[in-house]
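The values are calculated or read from the model by the stated rules, or taken from the named source; none is laboratory data. This structure is a prediction, so every number in the text was calculated from the model and none was measured. For neighbour counting, all protein chains shown are included, and Cβ atoms are generated from backbone atoms with ideal geometry for every residue, glycine included. The area values use the complete protein model at the heavy-atom level, side chains included, leaving out ligands, DNA and RNA. Shrake-Rupley method; radii C 1.70, N 1.55, O 1.52, S 1.80 Å.
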Amino acid sequence: MSTEPTADSFDTLGLSEPLRQAINDVGYEAPTPIQVKTIPLLLAGQDVIGQAQTGTGKTAAFALPILQKLDLKQNEVQALILTPTRELAIQVAEAIHVYAKRLKKVRVLPIYGGQSIGQQLRHLQSGVHIVVGTPGRVMDHLRRDTLNFDSLKMVVLDEADEMLRMGFIEDVEWILGQAPENLQTALFSATMPPEIRRVADRYLHHPATVEIEHKSLAVPTVTQRYLNVLEKQKLDVLSHVLETETEPGEAVLIFARTKVGAAEVAEKLQARGYAVEPMHGDMSQAQRENVIRRLRNGQVEMVVATDVAARGLDVERIGFVVNYDIPYDMEAYVHRIGRTGRAGRTGKTVLFVTPREQRLMRNIEQYVKQRIEPMKAPTRAHVAARRIALFKERILQTLADEDLDLYLSLVEELAEESGRDIAEIAAAAARLAREDKPLVVDLEPEPEVVAQPEEGMVRFFIEAGRRNGVRPADIVGAIANEAGVPGQAIGAIDIYDRFTFVDVPGQYREQVLTGMRGVAIRNREANIRIAMPRDAAAAPSAKKERGGKHKNIYRGKKGSKKFARGSY
Ligand code: AMP
């Protein structure tokens, strides 16, 4: 069973030493299929049509050849990358920065609408090698003559079908019409509608088409699920999933995309008390074999691996595979999920999908020809229930298996001496046994258990909390200084690990929303907003306030914690 003819390393693609070092620094272990095919073609000066979407590694596929071909002595725009959105422009520019780390002073400028033209102008005048921009703003600069194509050698149309969908294709053509004749052009598009074909026929010279054909692989029969998650939540969600989805004694294999990522996730899980090891290409064969041996015999519960390192890994104990980072191609997905369900056992898998990766996830689903069922992130209540269930099981197991005579007499003796109930003593012993890992998930309460603010107050939610070093004085200071609310008018402040609630009299509502816009607290953008009850949409909690404005009432559970200023 083999996948695409993938090169195992970046060394054979013709990339220069500084670029290979930069790739190693970011921790990419092997080129993705689109990179294997595209990089040598672009380096050789060919025009390329790449049928590839986000998540396949297409950015590096064009960015690395561009960087290699730049003449850094020439302080002029030599490459232009057109993207449909400003987010993508920024992202591509950032990726180029990373890949250019070991080259001398490559200047990359993202230009997009909504950003001050003046600032862009100053950058352009001071000399830029690569421009990454949205079509509209690039056109503006060309028209004003603030961007010129005299030294332009390469153009990339990134996500061409998206540009078409967003109505930019005429602008793109206009821009291409301004470019010099002997240009090298690459066009990347997830789909190839006729309009994109037409653009390719018109502006590309004898392009090579790079498509990733997918070999059909036998898909193992394991339970596959996916979980929508934001990048920044991944680690918390992972640890909750590990608690609720794994069986005692079962090994877990977690997949990360890069060596650096694998090492990081392993380290963070170690810090949370798991017996976990990384496994990636920077480790020697002997080190990797050692990890596998320890996984097999149960000394290690979990391994966080890259695709290359886990190739062929065959450990029967693996009952659960977590795709922490989505794989960049379907075959990799099938190889990954095949690491569980070995030797006739059952296995299950989950795939973390961030908003940008939805499409890739659908492609994977089509490829495996079965529905990948959605899964909800476990709640804290869920995690607590599972901890309690496992703890009860362990107690019963101990009752069944162990000789408890000594402990029985100890408990009886204690009951007699203290006059306490046996049940109370058992409770205290259970509490002691759980000292390291309390049964209740000791994190901030979920927003719905937060109490209602006092009459006349509005409760605000701030995206910074104890973990960011927030203290009550920071909150009072920011609201008083930035929004002009008198310090003594500010009500209850409640600081949790990652967020903070603060109550402010209703009449300052707009003042706070406006004044605090863009304000940072402890170096973190506060993103202040009105704390909304979960069921806000269903419950129009309209209560007249002075000025006739509606107030959002925070609907807390009865008996939840009272708020007092500084009750953090
Ligand atoms: P893209 O398809 O260009 O949006 O890339 C998707 C993600 O894959 C980005 O986070 C890249 O950093 C990452 N990536 C690109 N090439 C590789 C590679 N060869 N190995 C691991 N990750 C990669």
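Worth a mention:
- Directionally averaged projected area (region 10-211, Cα convex hull): 10.2 nm².
- Semi-axes of the equivalent ellipsoid for region 196-313, Cα gyration tensor, largest first, Å: 36, 19, 16
- Accessible area in square angstrom per residue, region 223-379, 1.4 angstrom probe: 42 Å²
- Figure legend: label point modelled 7 angstrom from the Cα of R517 along Cα→Cβ; residues of region 480-494 with amide N under 16 Å from it are 482-484.
- Placing R0 at 30 angstrom, the Cβ-Cβ distance between E413 and A381 gives a FRET efficiency of 0.20 after rounding to 0.05.
- If you take the alpha carbon atoms of region 264-310 and fit the smallest convex hull around them, that volume is 61 Å³ per residue.
- Helical contribution to [θ] at 222 nm, DSSP H n ≥ 4, -39,500 (n - 2.57), averaged over the chain, rounded to 500: -11500 deg cm²/dmol
- Nearest 10 degrees, 0 to 90: helix 259-271 Cα axis against the chain principal axis: 10 degrees
- Projecting the Cα atoms of P194, V304, L42 onto the dipole axis of the chain, where Lys and Arg carry +1 and Asp and Glu carry -1 at the beta carbon, places P194 farthest toward the positive end.
- 0 to 90° range, to nearest 10: angle between helix 405-418 axis and the chain longest Cα axis: 60 degrees
- With the simple spin-label model, which puts each label point 7 Å out from Cα in the Cβ direction, the R434 to N75 separation comes to 6.7 nm.
- Reachable aspartates and glutamates from K348, criterion Cα separation under 12 angstrom, eight or more residues apart if same chain: E245, E247, E250, E373
- Stokes-Einstein D for region 223-379, Kirkwood Rh over Cα pairs, 25 °C, 0.890 mPa s (µm²/s): 159 µm²/s
- Nearest 10 degrees, 0 to 90: helix 472-483 Cα axis against the chain principal axis: 50 degrees
- Principal semi-axes in Å for region 91-157 [√(5λ), Cα gyration tensor, largest first]: 19, 13, 12
- The stretch between N481 and A208 holds 92.3 nm of extra length on full extension. This uses 0.36 nm per residue minus the Cα-Cα distance.
- Our summary gives region 10-211 a relative contact order of 29 percent, counting only alpha carbon pairs under 8 angstrom and 6 or more residues apart.
- Ellipsoid equivalent to region 381-433 - semi-axes via the Cα gyration tensor, in Å: 24, 15, 6
- Spacing of the two label points (7 Å from each Cα toward its C-beta) at T12 and D497, in nm: 4.6 nm
- With a cut-off of 13 Å between beta carbons, the residues surrounding I425 carry a summed charge of -4, where Lys and Arg count +1 and Asp and Glu -1.
- Computed E for E424/V308 - FRET, C-beta separation, R0 60 angstrom, nearest 0.05: 0.60
- Probing with 1.4 Å while keeping every protein chain in the model, the per residue accessible area of region 453-521 equals 39 Å².
- Placing +1 on each Lys and Arg Cβ and -1 on each Asp and Glu Cβ, with no other charges, gives region 115-234 a dipole about its Cα centre of roughly 460 debye.
- Kirkwood Rh and Cα Rg combined as Rg over Rh, evaluated for the chain: 1.04
- Fully extended contour minus Cα-Cα distance, from R359 to Q125, at 0.36 nm per residue: 80.4 nm
- Here the chain exposes an accessible surface that is 49 percent carbon and sulfur, computed with a 1.4 Å probe and the other protein chains kept in place.
- For region 49-147, pairs of C-alpha atoms spaced more than 16 angstrom apart make up 54 percent of the total.
- Dipole size of the chain about its Cα centre, with +1 on Lys/Arg Cβ and -1 on Asp/Glu Cβ: approximately 1460 debye, rounded to the nearest 20.
- Protein-only accessible surface order, largest first, of T59, T221, T209 at 1.4 Å: T221, T209, T59
- Evaluated at q = 0.10, 0.12, 0.22 Å⁻¹: base-10 log I(q)/I(0), Debye formula over Cα of region 104-195: -0.26, -0.38, -1.24
- Theoretical FRET efficiency, 1/(1+(r/R0)^6), r = Cβ-Cβ of R296 and R165, R0 35 Å, to 0.05: 0.10
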